[in-house]
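Remarks on the structure that follows.
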Amino acid sequence: MKFTVPLIVLVLLLVLVPIFIWFGCRIEPGNGEIAVLIRKTGRPLPPDELIARSPDQKGIQLEVLGEGRYFRNPYTWDWEIHPVVDVPAGKFAVLVRKYGRNLEGGKIIAEDEETRGVLRDVLGTGRHRINPYAYEVKIYDDVKIMPGYVGVVTSVSGDDVFSGARNDNNFQHGFLVQPGRKGVLATVLKEGTHRINPFIYSVALVNIQSQRHEFSGNDAISFLTVDGFSVSLEGTVEFNIDEALAPRLAHEVGDMEDILKKLILPSVHGFARLEGSKKAATEFIIGESRQVFQTQLEKYLRENCRKWGVAINSVLIRDIIVPQEVAEIIRNRELAQQEARKYAEQIEQARSEAELQKQKMLAEQNSRKTEAETLQLTATISARQKQMEQVIAAETELKVAEVALKTAEADAQAAINAAEAERSVIAERNQREAEVLTRQVQAYGGGDAYIRAMLYQKLMPGVRSIISNSADTGLFGLPLPLGESVRNEGGAK
């Protein structure tokens, strides 16, 4: 079997082309790597340019390839493998652009995407795909402000205070600058973690916690009194920096040591020498002058340091050192005064005991008097109570008698009313009976007939027989007529 040349070439191409593409055109950045592309053909870059802005330009390309698999023509492209920028925890990165238009006037901060210089924005913790030919990477530590501290920010870029428009003198007494100018800013950084571009801002930590300084030994306050003696004062001053005025204080005075040496200690020494020279040495040992001096010193320090942003919390004069000869005189006088006070206290104690005894006797006398008055008062109250009880009993009996009298009067009136009613009834009944009797008499034709009828009604029920003659002489000699003969066996007819 014969193979023609075209067939052999085709077979070779089918075998060699994939091998060429795989081994000659393959770009495969691994984990944590990038590929920087370099174009071999295309439009040449300007003389002052380093990075190609578009894919058709010859040179190092701005865009990079991340991890993965890519294929490029090795005739047109070349490439380099670089590690990614790894910013560890607690740090940040600042990028410096190497390409673009040069800055003017000594500026270092890139104004836009077309200028070289330091970029304003920083890169945080993590991995970043940064072209090492286009950017320089600088790693810095985070600015950590602990509790009790503030950060005074100084702008190291921007308009110079000595050129261009002048600074506003009304802004923080003219010592601080507004944002956008070089100098100390009025705004401070609070506690926390901050990522501050060191090419733009510088941060100084200022302790705003309460500080304590002892002026003793070489720092003791020495001055001459009005009587020519040298006196030294040792004590303690506590202070802290006002957070709002920390920038001005740090700019005008300095750090904590400068605040002590330039502000607090000179004020203490100046006040002590001025006011201490007005008093005698003995006034700093006895009496109230020591406390008054301490109060005046604290007031003076508060007023003098407040305008600088330093708050004085307390001033304590712990010890006052006077010459030995003055101290001896004062000590002897103090002992004599203590003895005098001791004797005075004893006399006062004896006087108090006598007064106490007197008060006890008066108290006992008053107690007896009170008991007698109590007994008298009790007897008086008892007598008045009995008298009141008797009066109340008599009044009660009187009221009972009055009630009984009223009741008897009411009963008598009731009896009279009842008798009157009964009399009226009887009179009415008698009147009616009289009327009835009158009508009956009238019915019988007279009184005699009525009496005979009444007599017959009374007698006749008991009569069994009547014996009579025919003479009309009446019954039993009474003038009673007989209308009919009377049977012997029965009653009268």
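Observations on the model:
- Applying the criterion of at least 3 residues that are under 15 Å from Ala134 (Cα atoms) to the strands (runs of 3 or more DSSP E) found wholly in the stretch 1-91 leaves 33-39, 59-65, 77-83.
- Criterion applied to Glu303, Glu275, Glu298 was being among the acidic types (Asp, Glu), free of Cβ contacts under 8 Å to residues at least 40 places away in the same chain and in contact with a helix residue (DSSP H, G or I) (Cβ under 8 Å, 6 or more places away or on another chain), and the one residue passing it is Glu275.
- For the stretch 202-233, the set of residues classified as among the hydrophobic types (A, V, I, L, M, F, W, C), outside any strand (DSSP E or B) and touching a strand residue (DSSP E or B) at 6+ places or on another chain (Cβ under 9 Å) consists of Ile208, Ala220, listed by residue number.
- Within the stretch 110-123, the presence of a residue that is more than 19 Å from Val156 (Cα to Cα), in contact with a helix residue (DSSP H, G or I) (Cβ under 6 Å, 6 or more places away or on another chain) and assigned to a loop (DSSP other than H, G, I, E, B) is excluded.
- Gly59 passes every criterion in (1) surrounded by 18 or more Cβ atoms within 10 Å (Cβ to Cβ); (2) among the small types (Gly, Ala, Ser); (3) in contact (Cβ under 8 Å) with a residue 60 or more places away in the chain apart from (3).
- Residue satisfying all of: in the stretch 82-101; in contact (Cβ under 8 Å) with a residue 40 or more places away in the chain and either within 19 Å of Ile51 (Cα to Cα) or over 51 Å from the mean Cα position of the chain (by Cα) (or both); surrounded by the most Cβ atoms within 10 Å (Cβ to Cβ) among these: Leu95
- Enumeration of residues in the stretch 143-153 that are surrounded by fewer than 16 Cβ atoms within 10 Å (Cβ to Cβ) and not aliphatic (A, V, I, L, M): Lys144, Pro147, Gly148
- Candidate set: the stretch 294-325, residues that are among the polar types (S, T, N, Q) and farther than 19 Å from Gly254 by Cα; chosen: the one nearest to the chain's Cα centre (by Cα): Asn313
- Tyr70 vs. criteria in contact (Cβ under 8 Å) with a residue 40 or more places away in the chain and of a type in the set (Ser, Thr, Tyr): yes
- Identity of the residue in the stretch 210-221, modelled with pLDDT of 75 or more and in contact with a helix residue (DSSP H, G or I) (Cβ under 8 Å, 6 or more places away or on another chain), that ends up nearest to Val268 (Cα to Cα): Ile221
- Candidates Phe239, Phe199: the one that is part of a loop (DSSP other than H, G, I, E, B) and closer than 26 Å to Met146 by Cα is Phe199.
- Selection from the stretch 248-269 of residues that are over 27 Å from Gln178 (Cα atoms) and surrounded by 14 or more Cβ atoms within 10 Å (Cβ to Cβ): Leu260, Ile264, Leu265, Ser267, Val268, His269
- Checked against (1) exposed (fewer than 10 other Cβ atoms within 10 Å of the Cβ); (2) over 21 Å from Glu114 (Cα atoms); (3) at pLDDT 80 or above, Pro6 passes all but condition (3).
The values are calculated or read from the model by the stated rules, or taken from the named source; none is laboratory data. As the structure is a prediction and not an experimental result, all values here were calculated from the model. Because the Cβ atoms are built from the backbone with ideal geometry, glycine has one as well, and the counts that use them run over all protein chains shown.
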